[in-house]
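We did not get these values from a lab; they are worked out from the coordinates using the rules stated. Remember, it's a predicted structure, so these values are computed and weren't measured experimentally. Quick reminder, even Gly has a Cβ in these numbers, built from the backbone with ideal geometry, and neighbours come from all protein chains shown.
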Amino acid sequence: MIIYFNFTIIIFLISLILLKISKNNIFKFIYDKPDNKRKFHSAPTPLLGGMIIFIGLIVFNYFFESNLIFNFKFFLFLFLFFIVGFLDDIFNLNAYLKLFILILLIFIFKEYFYFEKIYFYEFGVIKITNYLNQFIIILCILVFINSSNMIDGIDGAAITYFISIIIFLLSNYTLENKDLLICLLIIYVFLLFLNLNQKIFLGDSGIYLTSILLSYLIIDNHNQGLSKNFINNFLYAENIFLLMLLPGVDMVRLFIFRIFKGKSPLNADRSHFHHLITSKYSNEISILIMNLFYFLPLLSSLFFEINKFILILLWLYIYVICIIYLRNAASN
């Protein structure tokens, strides 16, 4: 416990130092400025979330000498995703250029996401070919990154989503990355406090870095469950889908909606699930509703004996009903 306490103190001090430094005029480039189109905040806010997370991983390695983070290639891999997000925060990179870079990075470092089998609760193991493996990996990670980025529109939304994933992974029987998950939880709880008080934003650097690290941890946990014959393994493919239901499905809805309107699917707008909620409810109630969509599908899967695919369809139906209700409420 002492080592976690020391880690927390250092993260706290690092965050205070970064916030203090960022107030210098020469660092104004890392501030997210409000506008009248999509952004809710009223004052420029530093995009330091990704930097705090990245430095936190370095501090974690100092305390725990992790074979994962200490591995230079993996550390470089995380650094590159952080840099792409950081550059996007500063220069607002072209959406298609970002997409190309992300695909290239995932392909180059595909060894960290490799799997030969997928385990479904309902019908067991499915073996996949190497080429299909690469396609599924790139597609799923891109969906996770972009959908996570899309929900980062109101204070606390993306951070609480990442916290829910970390808690789920900690509750899983595989504890080989327990120290890393606990330290990540410490970082995100602290960032949540700063974010809800509009002192700091995750930024794309925080979204990209977190998404790719959690992608690795989820796939690694799934693979370890496979190697142990699924004993007490809750990380079935259906449960992964349920955990990512709201961000993923909302992203698909927005892409289809934009294409039908003749727009690029990557163009930003105010039609996200969180935008519809905040048009009717306060920020606090909106965060609560979104967190119910994060946790309840997975909890219902774990504690109720029901066909997983029926459960997925049920939650998709609930999502559609909510969207219809919120759109009607917004138009009235």
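Rounded to the nearest 20 debye, the dipole size of segment 72-193 about its Cα centre is 320 debye, using +1 on the Cβ of Lys and Arg and -1 on the Cβ of Asp and Glu. Label-to-label distance for A330 and V189 is 3.4 nm, based on points extended 7 Å past Cα in the beta-carbon direction.
Between K23 and F309, the FRET efficiency estimated from the beta carbon spacing at R0 = 41 angstrom works out to 0.20. Using the Cβ of I3 as centre and a radius below 13 Å, the other residues enclosed give a net charge of -1, where K and R count +1 and D and E count -1. Scanning the chain for chymotrypsin sites (Phe, Trp or Tyr not before Pro) that sit in a DSSP loop and have at most 12 other Cβ atoms within 10 Å, the longest stretch containing none of them is 124-303. Within the listed set I154, I52, I310, the residue fluctuating most in the Gaussian network model of the chain (springs between alpha-carbon atoms under 10 angstrom) is I310. Taking other residues whose beta carbon is less than 14 angstrom from the beta carbon of I83, and scoring Lys, Arg as +1 and Asp, Glu as -1, yields -2.
Per-residue ellipticity at 222 nm computed for the chain from its helices equals -23000 deg cm²/dmol, with DSSP H segments shorter than 4 residues left out and the rest contributing -39,500 (n - 2.57). When you restrict to C-alpha pairs under 8 Å that are six or more residues apart and normalise by the size of the chain, the relative contact order lands at 22 percent. For the options L19, L48, L185, a Gaussian network treatment of the chain with springs between C-alpha atoms closer than 10 Å singles out L19 as fluctuating the most. Within the listed set N195, N94, N291, the Gaussian network model of the chain (springs between alpha-carbon atoms below 10 Å) gives the highest mean-square fluctuation for N94. Among the GluC sites (Glu not before Pro) found in segment 96-147, those both in a DSSP coil and sparsely packed, with 13 or fewer other Cβ atoms within 10 Å of their Cβ, are E116, E122.
Using the Cα centre of the chain as origin and beta-carbon charges of +1 (Lys, Arg) and -1 (Asp, Glu), tell me which of I163, P297, H272 is placed farthest towards the positive end of the dipole. Looking along the dipole axis, the top candidate is H272. For segment 260-332, taking Cα atoms only, Rg and Dmax work out to 14.7, 43 Å respectively.
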